[in-house]
1. So which residues in the stretch 208-218 are touching a strand residue (DSSP E or B) at 6+ places or on another chain (Cβ under 6 Å) and more than 14 Å from Gly195 (Cα to Cα), if there are any at all?
2. Criterion first (closer than 20 Å to Phe158 by Cβ and touching a His at 6+ places or on another chain (Cβ under 9 Å)) does Ala480 satisfy it?
3. I'm trying to understand the selection: among the residues of the stretch 26-53, which are closer than 15 Å to Pro160 by Cβ, assigned to a loop (DSSP other than H, G, I, E, B) and among the aliphatic types (A, V, I, L, M)?
4. Yes or no: Gln521 under 25 Å from Arg154 (Cβ atoms) and either out of contact with any helix residue (DSSP H, G or I) (no Cβ under 6 Å at 6 or more places or on another chain) or not basic (Lys, Arg) (or both)?
5. Output the residues belonging to the stretch 307-321 that are assigned to a helix (DSSP H, G or I) and touching a residue at least 12 places away in the same chain (Cβ under 8 Å).
6. Do you know which residues across the stretch 713-733 are out of contact with any helix residue (DSSP H, G or I) (no Cβ under 9 Å at 6 or more places or on another chain) and either on the phi > 0 side of the Ramachandran plot or surrounded by fewer than 16 Cβ atoms within 10 Å (Cβ to Cβ) (or both)?
7. I'd like the full set of residues that are touching a strand residue (DSSP E or B) at 6+ places or on another chain (Cβ under 7 Å) and not acidic (Asp, Glu), limited to the stretch 705-717.
8. For the stretch 791-801, give me each residue that is in contact with a Pro (Cβ under 9 Å, 6 or more places away or on another chain) and within 10 Å of Asp758 (Cβ to Cβ).
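The values are calculated or read from the model by the stated rules, or taken from the named source; none is laboratory data. These figures come from a predicted structure and were not determined experimentally. Here the Cβ is made from the backbone with ideal geometry for all residues, glycine too, and neighbour counts use every protein chain on show.
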Amino acid sequence: MRPDANWSLAICARDAAATPEDANAFAFAPARVPGTATQALIDSGGWSWDDPIPLDERDVWYRTTIAGAGLHILIFEGLATFAEVWLDDTRILVGDNMFVAHRVDISLSGEHCLSIRFRATSAALEGRKGRAKWRPRMIQPSELRFARTSAMGRMPGFAPPAPPVGPWRPVQLVSREKPEILSAQLSTRLDNGDGLVEIELEFSAPVASATARCGDVVCTLVGAGGNRFLGALRLPCVERWFPHTHGSSRLYHISATIDGENALLGSVGFRDIAIDRGSDGLGFSLRVNGVDVFCRGAVWTPLDPLSLQNDPAALARTIGLAKEAGVNMLRVGATGVYETEEFYRACDAAGILVWQDFMFSNFDYPVADAGFVASVETEARQFLKRTSGSPSIAILCGGNEVYQQAAMMGVAEANWRSALFEDILPRISAELRPDAHYVVNSPSGGALPFHSDAGVAHYYGVGAYRRPLEDARRSNVRFASECLGFANVPEACALGNDFGAAPLSSPLWRPRIPRDQGAMQDFEGVRDHYVGLLYAVDPQRLKADEPERYLDLSRAAVAEVIEATIGEWRRPSSSCAGALLWFWKDLWASSGWGALDWSGAPKSPWWAMRRAFRPVQIVLSDEGVNGLHVHCLNESGAPFVGKIALRCYRGRATVIMNADREIEIGPRGSISLRDCDLWGAFFDTAYAYRFGPPSHEATIATLIDRDGVTIAEAWHFPIGRPAALFAPIISVDVFRDDKGYALRLETDRIAQSVKIEDANLTSDDNWFHLAPGASKIVRFHEPDVAPCGTVAALGAPAISYRAR
C-alpha cells in the first residue's frame, strides 16, 4: 500500500506549530506525494514567480490518513529536509538528510493521522558552529554546508528560486503479516567469461522458500537472518554490455519465486570498466570491455526541478532524445539529486553510461562532525545498494567543484584535500561498486584542479572565458566532464509561447539568463562573443535593430562552436577522450544552458550534438601550413567501406577542386589523410600560404557508404563564414513514403545554418549547412503528422511548405 492519496499541506511561519495539534490552526490544501511544496502551491494557484514564497524560511506540514490493523512498516524514501514524522500525537522519526530513506515499525488499529513537519531550513541551521576554510558564492546561504540537501533552488542565476521541501520520494505502508520485498540488491561481476550475479533480498515478513532465476539458470536463496535471503547465479558466456555507440547493450532479467509467487527483481548487465591514463600518466580515457570509448553527452538535470518527479513518458522521451543524439554518457551532477531507479534502468536499456556525482558541491563540508559523516555514509550506501545492478553507472565522483572552488580562492592544497573525498566515499564505492571507477572530484587531476591538461576538467576556454576556437586544442584537454556552456536560445515557436512576440523585451528574459555569481558577464554575453567572432557583427546593435536575425545567429553560432570543438577533440591524435556539455535540459522557460528547452524540445545544440556525436564520422582540421586534414572515424564493431568526397566551392556554386577516395576503416578504427593526399598535388585548401586572393569560400568533406548514402559531412570556411553567405534559394519538396512524411531540400548555392520551423513537428536535423547540387532528406519524429512550416538559411528569406 502506498498512502500517496489524500495528502494535504499547510505552510506557516517557522516554529509556528510544534505539533500536529498546533498545525490544525492553519489552512491545509491538497498536495501530491511524492512531490514538493512548490508543486503543491503551483497546483493550487498559490505560487508566484514575481514574489516566490521563501520556503527555506517557512515550516511546511504534510498530513494524510492511514488505516490498518497490526504491525506495519512506514517507509519514507526521501524527506526534504529537516523532517519530523508524527503518527497521531507521537513523534516517530526525525530526519535531516534529504537523500536518506527511513523505515519505522508501527502498530495500527484503525485510522491514524500521519503528519510530517518540514522545519524551515534557516531555523534548522541556526547556531551551527564551525569556521569554513572557504565560502563559495554559487550556493546560498553558506550554512548549507552543514545540510544534506539539494542545491536546487538555492543557486542564484542558475535555477528557479524554489528549494525542494517535502516528501519528494514515495511514502509506503507495508504490512508485517505478508512478505513483500523491501529491497533487492543485485551485484554483478565477470569471471572468465561467465557472469556472476550476487543476490540479497530483504522481506517484510518471514519467507519459507525463495529461488532466483535468469533464463534456464536457477539458484536457491538461503536465509541469512532478519528476513534476509542470499544467493548467486552463474550465467555462462555472457554477452558484454556496451554503450550504444560501440555495440549492443545486452541486459539479463533476474526474477524470483517467493513462497510460490513470482516477482521480477530487475535487470543486470556485464561489462568491464578501466581508465587509461596514457603514456604520461595524465590522461583520462574510459575503456569498456577493452574498447576505448570517446565519452560524449551532457550533464543531466532533473526533468522537473520544481516537483523532482520523473513523468514516465517524459523520461522515456528525454532518454530517447539523448540516444538519438549519439549521447553515450550522462553526468548526474552534484547540484541536483540522486536519480530514480527508473532513470538508471532507462540508461541501462539505452546503452548510455552514467557519470554519477555524490551530492557534494563547492562547500567545505564538516567532516570532523561524526554525525555528519555517519549520515553521509548511510546516504552513499543506500544509493549504491539500490543501483547495484546497473551496468550504466561507470564513474562515481566524490563531488563537484569542491577542490576547484578552494583552489581558485587561494586555499592551499593541504587545506582543501578532504577525508570525505579521499577516504570515506572511495572506500564505500570500492566496497559496494568495485566495477565502477572512482574520481575524487570534478574537476581534478591537474597541477591545479581546474587545469585542463591532466585528469578531468571543467573546460570553458571555448565558452565562458571567451577564448578562440583554437584553444580547444591548445589547452590539451584530457576529459571535459563539463564544457561548452552557453545561453542557448529555444526555437522560435517555443520562444513565442514562453516569452511572447518580442521575447528580448519580455520582463522574464534578462532575469533568467544563466550566470555565475560574481562573474562580470552572463552566458548571453558569452554567446554574443562567439556570434561576433563567427559572423563579424555587433551583437548588441543587431539585438536592437534586427532581433530575429540576432536570435538566429545566436542559435547558429552555438551549433557551430559545438561541432567545431567536438570535432577537434574527436580527431584520432587528440588528447581528449570525453566531452560532457553543460547541460542537457533547461530548468525553466529561459535561454538556458540546456540542449533541450524546459519542455524537452530540442534547441540548436541538440542537432549539433547529433551531428558531432555520430559513431561513424568525418572531421576536418585546419593544420595551417600543413594543410587541411581529413579524419574518418568508425566506432562500430564492423568495418566501414565507402568513400570520401572532397569539394572546394567558389562563389555561389562553382566547384574548383573535386576529389574522391575509396576507403576502408576497420572496426573501432580511424584514418587521417591530408588534403594533398586526395588532390594529388599542392592546393592551398586552408588558405594558409595566401599566394594571392582566396580561391574559394568553403570546403566540404563527405563520407559516403558503399551504397551511396551520405553518412556525415564536415565543412571548413577558410576565410570565415561571412564570406560564404550567399542568400541561397532553397527548394522544398514535401513527400511521403513508407517511413512517413519528409522534406527533400536543394539549394542553388551554399546555404548556411538551414533552419526548419514547424509548430507541430521536430525534424531529425536542423541548423545544418547545405551544399549546392546536393539533395538532403529531412525526416520528422512524428512521421504521420502532415508537415506545415518554413525553411530558411542565414541571409535568405523563409520558404513555406505544406503537405498536400
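1. Ala210, Thr211, Ala212
2. yes
3. Ile53
4. Answer is yes for this residue.
5. Result: Pro312, Ala314, Leu315, Ala316, Arg317, Thr318, Ile319, Gly320, Leu321.
6. Ile719, Ala723, Ala727, Ile729, Ser731, Asp733 - these are the residues of the stretch 713-733 that are out of contact with any helix residue (DSSP H, G or I) (no Cβ under 9 Å at 6 or more places or on another chain) and either on the phi > 0 side of the Ramachandran plot or surrounded by fewer than 16 Cβ atoms within 10 Å (Cβ to Cβ) (or both).
7. Scanning the stretch 705-717 gives Arg706, Thr710, Ile711, Ala712, Ala714, Trp715, His716, Phe717.
8. Matches in the stretch 791-801: Tyr801 only.
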